[in-house]
Every structure is written in structure tokens, then in C-alpha cells.
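A short write-up of the structure that comes next.
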Amino acid sequence: MKKICVMALMLLGIVCFNTSVNARARNIGVIGTGYVGLTVGACLAEFGHHVTCADIDATKIDMLNNGKIPIYEPGLEEMVTHWSTHSTLKFSSDPGSVIESADVVFIAVGTPMDEDGQADLRAIRAVAKTIGTHLNGYKLICTKSTVPIGTGSEIMSIIKKFAPAESEFDVVSNPEFLKEGTAISDFMQPDRVVIGCHTDRARKIIDEVYWPLHEHGVPFVYTDIITAETIKYACNAFLAVKISFINEMANLCDATLADVLGVVKGMGYDSRIGHKFLRPGPGYGGSCFPKDVQAILYKSRVANVDLKVISSAVKANELQKELVFKKFSKLLGDNLADKKIAVLGLAFKPNTDDIRYSPAITFITKALEAGAHIRAYDPIAIDSMRKEFPCIDYHSSLYDAVQGVDGIAILTEWDEFCTMDLAKVKDLVKTPILLDGRNILKVNELQELGFVYDNIGHAKV
Ligand code: UGA
């Protein structure tokens, strides 16, 4: 393997697979080049397969063919460059021909939320139709996109409808659990792989696709398609509930003067609970939780089942996003008119440029409504946020953003915010008022420097 790739993967703590000679290599087409599609494509090339990623967006494909990736994901550009140079990872704006040359086709297109909370399946249906019309022999069709429970059978029917008579194919549901920001390591070292399939032929092929993960002892969960689809929604809904739960605990701690970080520590050592996903904050965002919890709620309404816990978690999350703004506003005497506010952190979480459903959007909207002037900074996500708020001021460093401000709100836990020079910040601001929306700063340091501050349920002194 080339040095760059080994280095990228070593940095990420990932096992490298020796892919030079691999009898199990398959021709794989990946349709969709978003976070999931690109990561899946690059990682399957790493497994030794011959992969072509297709997208109908020719601009994206041009970028990829020129060695640039359209998203920010640590390590991904290096991997894409490496396997493109070896010609085992290719890009095409013609999904039809990619499908024709593939043995296995991964569907990794977006399923965004529509107005009534349903997943918008137009891209999925279009891909299924393209697969049907280009089916030129047996293929395994593997759904990576998060699709509503029951979509697997719809995909099968669409392919059947457009495919030549007697065509052979299988559909597998193989939900993806990677997180933005750690996508490669999540794919390469997953907690488990879920496979929903109905034939031995399909199972054998998908096992071959994932051969290195079998060799490294990753657990595989085999089930039927509808159960696999449900597992994905159950996981995201459970994690959303976990976050809303700890946010509510944090709010209780604020009222009782307990320290939520101590509560989390004490809870997390209980092996039935665990430490992960118990970080209180300004509410969850991103392209997945908000969309997926709405989609499962929509499905439950159709099925006439009342999912009270999940719907409460959604309400709690909306309130949490508002509460963060209220806390900040309170620090400034509930008068933001003509105040200069530094917003540090625009992405919905660190290590991504994704701002979809970011708590920063709610915060900025409310601050602008209250008459504030926003000075925003994020290490990566400024260009994304500029599309949402073209008229606020963006700055190239956190120290620029805080100059002369009446207050600072930290909304994303980027490393550089955790280690910021608070004494320097104090000298730059007009008034040392700070809301730590991610509990990343040391309260004793803030206090010693004379900041007026608040956080999310963490001790105040
Ligand atoms: C999430 C899941 O974690 C992945 O397993 C899943 O594959 C993905 O959705 C998906 O369905 O595609 P992602 O949205 O990339 O991944 O990001 P997370 O790290 O899960 O964070 C989601 C949101 O929850 C962020 O806004 C984050 O700040 C928030 N969060 C997370 C908290 O507020 N507290 C926590 O303890 C953890």
C-alpha cells in the first residue's frame, strides 16, 4: 500500500487490509456520492474491490475525478486519491453504465425529510428504476441509504417492473451506522454489520464483499429486510432519546445546582447504560437524527402505533435548541438589540462542514430576530452557513470573531475552542459574557478571569 494511505489509516487507528491480490474482489457500483456513498466506495476499494461511484451530479463527479472531494471528512480525500491513482476507485456521471458493469450495486442516495416528516424517496425510486432498466444479468442490490421500513420490497417491485423478464437479482438491506467526522473508522471498525436478506446467494455475496470484517471478527447480524430497516431507525431513535434524556437531566441540574458531568460519570460506569452519547448540549442536529426520528414517527402514525418516548425526545430537542438561546439572552439581561454576539461553532458537531439542523441555525435566527449583530466563526463550516445566512459577519479565526463583542456563545465542541486562550479572549471582548453550550471550558478559569458565564447543567464554580 502507498505511504499516504497507510499514514491516513494509521492516524485513524484503522487496520489496513492487504489488497494487492484478492480473489474475492468484486466489481462494485455505488450510486450516490454523499458522506455515505463516498465513504463506502473508498472503503470497499480498500477491501480490494473494484469500485465505481456514480452520481447524476456531473459537477461532483468532475471534482472527484480531479482528486477533490465535495465534503469535509477527515482522511477521506487521501483515501480517494490513493485508490483513484490505483484505478480501483473510479467515478462516473452515468449510473446506468456503472450498474451494467457491476456485480454488486450499493444504493447510497439521500433520503431527506419532506414537509410532513416522511423520508423523500424520489432518489431511491429513480435509482431502482435505473437499476431495473440496466439489469443485464444477476446482480446484488444493496441498500445503504436509510430508508423507511418496508422500502426494500418497494425497491424490489420497481426493479422487477423495469427489468427484462426473467431477470435475476436480490435485494439486501445493509444499513450504515457511520458518523460524520469519523466515517472511515466507523466503516472499517464497525460495532456490527447488519444484513437483511432473503436468499443464500445474496448472503454469500455480501459476505464476500465484507471479507476483511469477517476476518477481523466483526459481529454480523443476519435478519430479514424489514427487520434490518427497523434496526437502523431504532438505533438512531434510541440515541436521540439518550441525548434528549441527558439534556433534560442537565436542565434539572441547572435548577438544583448538581453537576451533570458528575451525573454522567456516575451513570456511565453502569455497563447497562455506558458513557457514550450522554454529552449534554444545545440539542442534536445533523442529517440523520432529526430526519430519522421524524420518519419513524411518520411510520408509526401510519401503523397506528403511538411512539410516545420518541415523540417526547423530539419535543425536548426542539426546546433544548431554544433553551440555549434563552440562557444566552438571560446573560445579557434579555436585551440583544444592537448587541454584537460571537457565535463559535456552526457545524452540528465537530470535524464536519455539515450544518443541517445545526443548533447554530436556531440560535442565529433567534439572535437576529432579537436585533443582535452576529460575528460567526467555525474552522470548516463557514461556507455552508453562508448559504443559510449570507448577511452575517464571518471571521477567519475565533479571536477575530470575539473582538469587541458583548457576548460569546459556543455551540460546537471543536478542539480549538476547548483549548482557546481565555485570557486573550477576555482582552478582546467588550463584555466578558459567555455561554458554553457544550460544557468544554473550565469554570474555575472563567471565574478567575471574571467572565459572566453559563453552561448546560455543569457546575458553575
Ligand atoms: C448519526 C449516528 O450516530 C450514526 O450511527 C448514523 O450512521 C448516522 O447518524 C446516520 O444515520 O447516517 P451523525 O449524525 O453523523 O451520526 O452524528 P452523531 O455523532 O451521532 O451526532 C448527532 C448529533 O447528536 C450532533 O448534533 C451531536 O452534537 C449530538 N450529540 C451526540 C449530543 O448532543 N450529545 C452526545 O452525547 C452525542
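The values are calculated or read from the model by the stated rules, or taken from the named source; none is laboratory data. Bear in mind that the values here come from a model prediction, so they are computed numbers and not experimental data. Because the Cβ atoms are built from the backbone with ideal geometry, glycine has one as well, and the counts that use them run over all protein chains shown.
When the stretch 337-390 is filtered for residues that are under 26 Å from Glu73 (Cα atoms) and acidic (Asp, Glu), the ones remaining, listed by number, are Asp353, Asp354, Asp378, Asp383, Glu388.
Restricted to the stretch 331-424, the set of strands (runs of 3 or more DSSP E) holding at least 1 residues that are within 15 Å of the ligand (Cβ to nearest atom) and modelled with pLDDT of 95 or more comprises 340-344, 407-410. Contact annotation: residue pairs with Cβ atoms under 8 Å, 6 or more positions apart or on different chains, pairing a residue in the stretch 424-448 that is of a type in the set (Val, Ile, Thr) with a partner that is within 16 Å of the ligand (Cβ to nearest atom), are Ile440/Ile410; Ile440/Glu413; Ile440/Phe417; Ile440/Cys418; Val443/Asn455; Val443/His458.
One residue stands out among those in the stretch 257-267 that are within 15 Å of the ligand (Cβ to nearest atom) and among the aliphatic types (A, V, I, L, M): the one that is farthest from Ala459 (Cα to Cα), which is Met267. Here the condition is being more than 15 Å from the ligand (Cβ to nearest atom) and surrounded by 18 or more Cβ atoms within 10 Å (Cβ to Cβ); of Asp270, Asp254, it holds for Asp254 alone. Can you tell me which residue in the stretch 273-306 is nearest to the ligand (Cβ to nearest atom), limited to those that are closer than 22 Å to Val147 by Cα and without any contact (Cβ under 8 Å) to a residue 12 or more places away in the chain? In this case the residue turns out to be Ser300.
Within the stretch 178-197, is there a residue that is modelled with pLDDT of 95 or more and over 22 Å from Ala42 (Cα atoms)? Yes, there is a match, as at least one residue in the stretch 178-197 is modelled with pLDDT of 95 or more and over 22 Å from Ala42 (Cα atoms). Identify all residues within the stretch 248-266 that are not aliphatic (A, V, I, L, M) and not in a helix (DSSP H, G or I); write none if there are none. Of everything in the stretch 248-266, just one residue is not aliphatic (A, V, I, L, M) and not in a helix (DSSP H, G or I), namely Asp259.
For Tyr284, indicate whether it is farther than 21 Å from Phe348 by Cβ and either among the aromatic types (Phe, Trp, Tyr) or under 20 Å from the mean Cα position of the chain (by Cα) (or both). No; evaluated as a whole, the condition is false for this residue.
Of all residues in the stretch 89-117, those that are within 17 Å of Asn27 (Cα to Cα), in contact (Cβ under 8 Å) with a residue 60 or more places away in the chain and not aromatic (Phe, Trp, Tyr) total 10. Checking each residue in the stretch 425-439 for being within 15 Å of the ligand (Cβ to nearest atom) and in contact with an Asp or Glu (Cβ under 8 Å, 6 or more places away or on another chain) picks out Asp436, Arg438.
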